[in-house]
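J.: My questions all concern the structure below.
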Ligand SMILES: Nc1nc2c(ncn2[C@@H]2O[C@H](COP(=O)(O)OP(=O)(O)OP(=O)(O)O)[C@@H](O)[C@H]2O)c(=O)[nH]1
Ligand SMILES: [Mg+2]
């Protein structure tokens, strides 16, 4: 690798994340920047699996980025720290973790495809995280004729404050700067006009400069640059640049913009953290005590756990002591690393506030750990981005028996790396359930288990956690009598069961008079009822929303024991349950779908076939609709694939658990035969 891992002062650092819809060209753009900056000697390609960012086997298998990757390059005395992220909506967790680490988002748009769902969504996520944004219109070689309309669409869709900081020229084989320059020939638009519009928007935030400008004075470049950076920080201006990453068109100009016109950790807004519920702003000061935010965890085959840290304040080298969490013992970094895809050169000097570095082998570091100098307050916490909820799930087990513990720790490691991936043991179904944002997300997780941890897992659809309940009052009775030579068993229980409102759970009462069942056996009766509730008779699912009243019985002075009453109560409950018109309950989730407006009819018609109930449809700007619905969880299986099919790949959805509801009898038979009962396979 050509790049030296040297510590740069904060004002020389530019931290950026590449965001954008799948396939817009982020990984190729990052590769082109590395190449033009001399960090790599040959430019790799996504097709040949030779890019620096997409180095993992899962990325090669799917032809898309499957994790966020750190990269760095230097240009003109500046360090560019870049984070390439996956554009697939199911892998968005990897993109969101990167936001707190940087000042600037490059929102990459595919010129041939126009504005896509991911463009809008990620642009807004970056703005919400307080980042300055730069729109990169990439693949200009593919659709030169579309560009003027695309610029109009971008302004319409993302905001009027979008200004071209350069324009394509020489038939899309080059770009011409419109910021430093005020004249020249572009393929479309006017360099002079873009220059004027950018200048007037940028100085709007600077009263003194605006006054001078209105009085006819020229604005010097240094003032204009400082004003542009501040205008970008405030979201007042979003520059647009044009590139054809694959043929490295516009890359030098983009790097020039990053070095000269983009915020550094010093000129960006101060970082925001939380202390005791209050927002605290942290200015990037390398002379202050050390403060760093672990924003990402990764696993390296040789070094093990790698914690990626955004240094917020102070300096870090291999000997700098720091503490974190409840641990009062000071650690040191061992080696401070820079990350370049799969490589991690050690830094040959101190790392300053504002830089992004990594440390290895500190197993207790987690995403969102704050490291700090010993003796400084430890109550700071980061503001977490809003992550979408997991909605697809797989029940997994290792192919080789005996690998259970190894698999669990590997899965936990994967979940640490990706906040949208979760794993939990389901006590009702006794399955280890891995949940994520969709099929691709879960498939990639299973591939990582195999490629990285050498664990082959078998996965199947997890069972839906049905419940059972009753719909009418019923009486139950059981008389237990066993006399087999020695000590006998005797208990007789009469009870009544009644339905309770949804969500009430279970109530137990005794109305036994005159000691028909001696008081000391009543707790045994309740235990017996609880045994029966654990597995109902419809499908073995837990029974809920029922009140049980034991009201009569008989005992025997010698043969009545706890165990006898426990069994008798359980069987009396079952006797009553069968007569109380039992029904199956199923989990219902709320479902929020976004889709291009043209597909709303198809999507809602499909929801009806899945027993979904549409609660409302809102039309958003630029032809996107949001559908709000409720639907049984059992009907959502394979939904991400179905929605993709219905919306030409543009639809996306999120779910949230809502409540339990009755399963219609006609459906009950199908569902219980589809989903094996717990404990069987
Ligand atoms: N013609 C042309 N093709 C490009 C350009 N940039 C990227 N591509 C191609 O577009 C495809 C997608 O590029 P990637 O760099 O993988 O896109 P990405 O945004 O990283 O995709 P995800 O990681 O899936 O989100 C690849 O086949 C690239 O070779 C470009 O400027 N022009
Ligand atoms: Mg990529």
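J.: For the range 13-23, enumerate the residues that are farther than 11 Å from residue 136 by Cβ, within 19 Å of the chain's Cα centre (by Cα) and either at pLDDT 95 or above or more than 6 Å from ligand 1 (Cβ to nearest atom) (or both).
T.: Result: 17, 21.
J.: The conditions are (1) under 30 Å from residue 382 (Cα atoms); (2) in contact with a helix residue (DSSP H, G or I) (Cβ under 8 Å, 6 or more places away or on another chain); (3) within 16 Å of ligand 2 (Cβ to nearest atom); (4) modelled with pLDDT of 95 or more, and residue 73 fails exactly one of them. Which is it?
T.: (3)
Yes/no per residue for (1) over 16 Å from residue 134 (Cα atoms); (2) touching a helix residue (DSSP H, G or I) at 6+ places or on another chain (Cβ under 7 Å):
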position	(1), (2)
186	yes, no
194	no, no
200	yes, no
205	yes, yes
213	yes, yes
216	yes, no
220	yes, no
223	yes, yes
228	no, yes
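J.: Those residues that are surrounded by fewer than 16 Cβ atoms within 10 Å (Cβ to Cβ) and more than 19 Å from residue 531 (Cα to Cα), I need them from the range 501-520; list them, please.
T.: Residues satisfying the conditions are 501, 502, 503, 511, 513, 514, 515, 516, 518, 519.
J.: Mind counting the residues in the range 117-156 that are modelled with pLDDT under 90 and either outside the structural domain of residue 28 (by TED's automatic domain parsing) or within 16 Å of ligand 2 (Cβ to nearest atom) (or both)?
T.: 2
J.: I need the full set of residues from the range 24-45 which are within 7 Å of ligand 1 (Cβ to nearest atom) and either surrounded by 21 or more Cβ atoms within 10 Å (Cβ to Cβ) or over 16 Å from residue 244 (Cα atoms) (or both), in order please.
T.: Within the range 24-45, 24, 25, 26, 27, 28, 29 qualify.
J.: Scan the range 224-235 for residues that are out of contact with any strand residue (DSSP E or B) (no Cβ under 6 Å at 6 or more places or on another chain) and assigned to a helix (DSSP H, G or I) and report the count.
T.: 8
J.: Next question. Could you say whether any residue in the range 635-650 is within 16 Å of residue 392 (Cα to Cα), at pLDDT 90 or above and in contact with a strand residue (DSSP E or B) (Cβ under 8 Å, 6 or more places away or on another chain)?
T.: Yes, the range 635-650 contains at least one residue that is within 16 Å of residue 392 (Cα to Cα), at pLDDT 90 or above and in contact with a strand residue (DSSP E or B) (Cβ under 8 Å, 6 or more places away or on another chain).
J.: Just to be sure I understand, how many residues within the range 343-371 are over 14 Å from residue 297 (Cα atoms) and surrounded by fewer than 20 Cβ atoms within 10 Å (Cβ to Cβ)?
T.: Within the range 343-371, residues that are over 14 Å from residue 297 (Cα atoms) and surrounded by fewer than 20 Cβ atoms within 10 Å (Cβ to Cβ) number 6.
J.: While we're here: Of all the strands (runs of 3 or more DSSP E) wholly in the range 76-163, which have at least 1 residues that are farther than 30 Å from residue 8 by Cα?
T.: 104-110
J.: Among the residues of the range 62-75, is any assigned to a helix (DSSP H, G or I), surrounded by fewer than 24 Cβ atoms within 10 Å (Cβ to Cβ), within 12 Å of ligand 1 (Cβ to nearest atom) and in the same structural domain as residue 243 (by TED's automatic domain parsing)?
T.: yes
J.: So for the range 53-68 (the condition being over 22 Å from the mean Cα position of the chain (by Cα) and more than 14 Å from ligand 2 (Cβ to nearest atom)), does at least one residue qualify?
T.: No, every residue in the range 53-68 fails to be over 22 Å from the mean Cα position of the chain (by Cα) and more than 14 Å from ligand 2 (Cβ to nearest atom).
J.: May I pose another question? Which residue, of 30, 22, 95, is within 13 Å of ligand 2 (Cβ to nearest atom), farther than 30 Å from residue 638 by Cα and outside the structural domain of residue 358 (by TED's automatic domain parsing)?
T.: Selected residue: 30, the only one of 30, 22, 95 that is within 13 Å of ligand 2 (Cβ to nearest atom), farther than 30 Å from residue 638 by Cα and outside the structural domain of residue 358 (by TED's automatic domain parsing).
J.: Just the residues that are surrounded by 14 or more Cβ atoms within 10 Å (Cβ to Cβ), in contact (Cβ under 8 Å) with a residue 24 or more places away in the chain and part of a helix (DSSP H, G or I), please, taken from the range 178-223.
T.: Passing the criteria: 191, 194, 197, 198, 199, 201, 202, 203.
J.: Show me the strands (runs of 3 or more DSSP E) found entirely inside the range 256-375 where at least 3 residues are touching a helix residue (DSSP H, G or I) at 6+ places or on another chain (Cβ under 8 Å) and closer than 24 Å to residue 448 by Cα.
T.: Once the strands (runs of 3 or more DSSP E) in the range 256-375 are filtered for at least 3 residues that are touching a helix residue (DSSP H, G or I) at 6+ places or on another chain (Cβ under 8 Å) and closer than 24 Å to residue 448 by Cα, what remains is 291-300.
The values are calculated or read from the model by the stated rules, or taken from the named source; none is laboratory data. What you see is a predicted model; the values in this text were computed from it and never measured. Because the Cβ atoms are built from the backbone with ideal geometry, glycine has one as well, and the counts that use them run over all protein chains shown.
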